[in-house]
Structures are given as structure tokens and as C-alpha cells.
Amino acid sequence: MKVLVTGGTGYVGSHTAVNLIEAGHDVVLWDNLSNSRAAVVERIGALVGTPPTFVQGDVRDAAGLDRLLEKQAFEAVIHFAGLKAVGESAQKPLLYYENNVQGTITLLRALEKAGVRTFVFSSSATVYGDPACVPIREDFPRAATNAYGRSKIMIEDMLSDLVAADPRWRIARLRYFNPIGAHESGLLGEDPQDVPNNLVPYICRVAVGREAVLRVFGADYETPDGTGVRDYIHVRDLALGHVAALRYLQAHPGMLTVNLGTGHGYSVLEVVKAFGQACGRPIPYEIVARRPGDVAQCYADVSAARRLLGWQAVHDLDAMCGDAWRWQERNPQGYET
Ligand code: NAD
Ligand code: UD1
């Protein structure tokens with residue numbers, strides 16, 4: 001298929017582009033580079049033979065999208081473009097609604113006009129808020145605690161209204177758990193532009209000496225070792241989930257909603273230990289107060305993805321940490337090096 005990948009130079013988008021190209025799809029990346037670098041395009045090219053076409057553009061730019069969609073006949077869109085920092089979303093809620101919600105409306109309008117009706121959306125486990133129990137199934141109630149999460153819920157609802165109004169749409173809402181890791185070549189990885197908020201990117205910075213110590217946010221949760229438990233999924237597995245979702249949509253019009261996780265939860269201290277083994281030295285840490293808004297445990301019921309997509313994650317925590325470390329060690333300053 002000819003696939004438009006918005007946010008395609010970002011962390012999940014770039015890894016997915018590699019798998020799409022490897023699966024024989026023709027890929028065009030559309031990104032405004034607000035949280036990524038154009039150097040990613042050459043790195044993808046080094047992995048797959050030829051760099052994909054990259055167009056610098058914004059999903060809020062209706063005229064720009066129209067021009068792109070007039071020139072090229074896309075069969076599907078994977079929509080990664082969005083802002084994702086929870087803390088920032090609390091400070092700048094309008095920016096998040098404008099970029100994520102308005103950006104998606106503008107994109108969907110352009111697609112409707114061009115007659116492109118196969119759409120894969122990057123949703124998040126954040127839509128489940130503080131779940132009543134784990135593992136989390138797709139039919140659990142949704143409740144966001146911040147503007148970022150609410151933007152995801154709004155877009156999810158908009159997409160289900162769209163499918164209800166026009167059954168020609170084929171839409172996947174993929175709820176990612178915690179993507180970590182990097183391409184095993186060390187060429188692609190996560191390159192946060194500021195001090196990272198998420199656990200593994202922060203540990204990476206500690207491991208290369210850019211930060212002194214990891215702060216573990218709370219050791220008094222009701223979990224086996226008291227620290228928060230999450231469903232970390234290798235970004236390479238997550239990328240393949242998108243290829244599987246596209247394949248599913250080719251055969252099934254309507255709406256697909258699935259969790260993409262491993263179904264296993266790991267605590268912060270388990271991740272710290274595994275990363276220490278991967279990089280060959282312990283990660284210094286200190287226990288501090290809980291981070292407001294954090295939940296004790298969050299991991300997926302992955303049976304729907306397995307049943308519907310024939311997909312499941314295969315990498316374990318050691319592989320995720322090993323690949324994250326290889327990327328970080330070879331690119332201590334990210335794509336700038
Ligand atoms: P990322 O920031 O690395 O990638 C997003 C990309 O979108 C960036 O390259 C950025 O420059 C681009 N972008 C942002 N706003 C844009 C706009 N208006 N127009 C064009 N491009 C724009 O983030 P990621 O981790 O790759 O996440 C991709 C998607 O997955 C996001 O929608 C995110 O909310 C969602 N998601 C991510 C995670 C995670 O932990 N990484 C978890 C759940 C869901
Ligand atoms: C965060 C976001 C969530 C988003 C998800 C994936 C918040 C409140 N939630 O969730 O919306 O969907 O990322 O992008 O930001 N931790 C530390 N020290 C750190 C960083 C994290 O101890 O420096 C702990 C956290 O308390 C948590 C675990 O590590 O228990 C994972 O944290 P993180 O990587 O930020 O992911 P989430 O909390 O799942």
C-alpha cells in the first residue's frame with residue numbers, strides 16, 4: 001500500500017516506517033520536526049536501502065495536506081503526529097487540543113476530501129486513567145487525568161463517530177502501553193529534545209553521564225517491591241503491530257480498538273536492574289516522593305491483539321534495555337552526533 005505516515009520522523013513513527021518498508025509498503029513521512037530531526041530519514045534509508053520520501057509539514061496545515069494528497073494517491077494513513085508530554089499538557093492545554101485534536105480534524109477533513117479512508121491512530125494506555133484492576137481490557141472505562149489524555153479520548157470518540165456516520169472508513173485505534181528500546185542496529189532510537197520525563201530515556205541519560213542520578217518516584221505503592229509497574233513494549237514489536245493493523249483493516253471495514261503491550265508488568269526497580277546489566281554498571285538511583293498523577297500498576301490484556309491481528313510482542317525486558325543502551329551508547333547526543 002501507499003502509506004502516509006504523519007509524525008514519521010518521531011520515535012515510534014521512524015521504527016514503524018522501517019517495518020512498513022520491509023513489508024513492501026511505499027511510505028511518505030510527513031512531520032513538522034517539532035520533536036524530531038530530519039537526520040532520521042537518512043538513518044531509515046541506511047536500514048532499508050533507500051530513504052523514504054520526507055515532506056516537512058504540519059497536520060494543522062489544510063492547504064499543505066490538500067497539495068500532498070492531490071499529488072500522491074495514498075491508500076492509508078498512520079497518524080503518529082502529536083504532542084505527548086503530560087506535564088507540558090497541564091501547562092499548555094490549548095496547545096495540546098490545537099495540535100492533537102484540531103490537527104487530527106484537519107487531517108481527517110483532507111483525507112475525506114481525497115477519498116482516503118483507512119486510518120491508524122496512535123492512542124495510549126493513558127486513556128484508562130487509574131484502572132480498577134489489571135490486566136486492562138479494551139472495554140474498561142476511560143478516564144483521563146490530564147489534557148494529553150483527554151486529547152486522546154476526544155480523538156478516539158471523534159473516530160468512532162466518523163465510522164458510525166460513514167461505514168466506508170476503516171479505522172484502528174491502537175492503545176500503546178510503554179514503548180521503549182530502539183532498533184537493534186543502534187541507528188534509530190528515542191531522542192527527547194528536553195530532559196526526559198519517561199523512565200527509560202531518563203535512565204539512558206544517567207547511563208551516559210548526562211544526568212547524575214535517577215529519581216524513583218515512590219516505593220510505597222501496592223506492588224511487589226513498592227515501585228510503579230508498567231507494561232514496557234519494545235518499539236520494534238510495537239512497529240510490527242501497525243503493519244498487522246493495516247493488514248487487518250484491508251480485510252475489515254469499521255473500527256478496531258486494541259491494546260498494544262506485552263501483557264507483563266515490570267517495576268521501576270526491575271527496569272533499573274535490567275538496564276544496569278545491559279550497560280555493565282549499576283544505575284545510581286534515589287527513592288523520592290510519588291509523581292502526582294501516577295498509577296500503581298498498568299499492564300495490558302493483549303488477547304484481542306493476538307486474536308484479531310495475529311500479533312504479539314516477542315522481545316523481553318533484557319532485549320529492550322540492551323537495544324536502548326546500544327542506541328544511547330552509539331549516539332550519546334541523540335541524532336545530533
Ligand atoms: P514523538 O514526539 O517522537 O513523535 C511524534 C512526531 O510528531 C514528532 O516527530 C513531531 O515532530 C511530530 N509532530 C507533532 N506535532 C505535529 C504536527 N502538528 N504536524 C506534524 N508533525 C507533528 O512521539 P512518539 O513517542 O513517536 O509518539 C507517537 C504517537 O504515539 C504520539 O501521538 C503519541 O501521543 C503516541 N503515544 C506515544 C507513547 C510513547 O510513550 N512514546 C505512548 C502512547 C501513545
Ligand atoms: C507516562 C505518562 C502517560 C504516557 C506514558 C507513555 C505521566 C503521569 N504519564 O506514563 O500519560 O502515556 O508515559 O508515554 O507522565 N519513573 C520514575 N522516575 C522517572 C521517570 C519515571 O520513577 O524519572 C517511574 C514512574 O513513576 C512510573 C514508571 O517509572 O512508575 C514509568 O514512568 P513513565 O515512563 O513516565 O511512564 P508512565 O508513568 O506509564
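The values are calculated or read from the model by the stated rules, or taken from the named source; none is laboratory data. What you see is a predicted model, and the numbers here were worked out from it, not measured in a lab. Glycine gets a Cβ as well: all are built from the backbone with ideal geometry, and neighbour counts include every protein chain shown.
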For this session: Working carefully through the options H234, H242, find the one that is farther than 16 Å from F275 by Cα and in contact with a strand residue (DSSP E or B) (Cβ under 8 Å, 6 or more places away or on another chain).
Result: H242
For this session: Restricting attention to the stretch 305-326, report how many residues are surrounded by fewer than 22 Cβ atoms within 10 Å (Cβ to Cβ) and over 20 Å from P135 (Cβ atoms).
Result: 4
For this session: Go through the stretch 75-87 and give me each residue that's modelled with pLDDT under 95 and not β-branched (V, I, T).
Result: A85, G87
Exercise. Of D237, D323, D318, D225, which residue is in a helix (DSSP H, G or I), in contact (Cβ under 8 Å) with a residue 40 or more places away in the chain and over 25 Å from V195 (Cα atoms)?
Worked result: D237
For this session: Please determine, by comparing only the residues of the stretch 278-289 that are surrounded by 14 or more Cβ atoms within 10 Å (Cβ to Cβ) and farther than 13 Å from Y202 by Cβ, which one is nearest to ligand 2 (Cβ to nearest atom).
Result: I287
Exercise. On the given criteria, is R215 among the basic types (K, R), at pLDDT 95 or above, surrounded by fewer than 19 Cβ atoms within 10 Å (Cβ to Cβ) and not in a strand (DSSP E or B)?
Worked result: no
Exercise. Across the stretch 244-276, what is the number of residues that are within 20 Å of the chain's Cα centre (by Cα), surrounded by fewer than 20 Cβ atoms within 10 Å (Cβ to Cβ) and in a helix (DSSP H, G or I)?
Worked result: 2
For this session: Go through the stretch 151-198 residue by residue and tally those that are among the basic types (K, R) and within 11 Å of ligand 2 (Cβ to nearest atom).
Result: 2
Exercise. Taking the stretch 100-154 only, how many residues are within 19 Å of the chain's Cα centre (by Cα), within 15 Å of N259 (Cα to Cα) and of a type outside the set (D, E, K, R)?
Worked result: 12
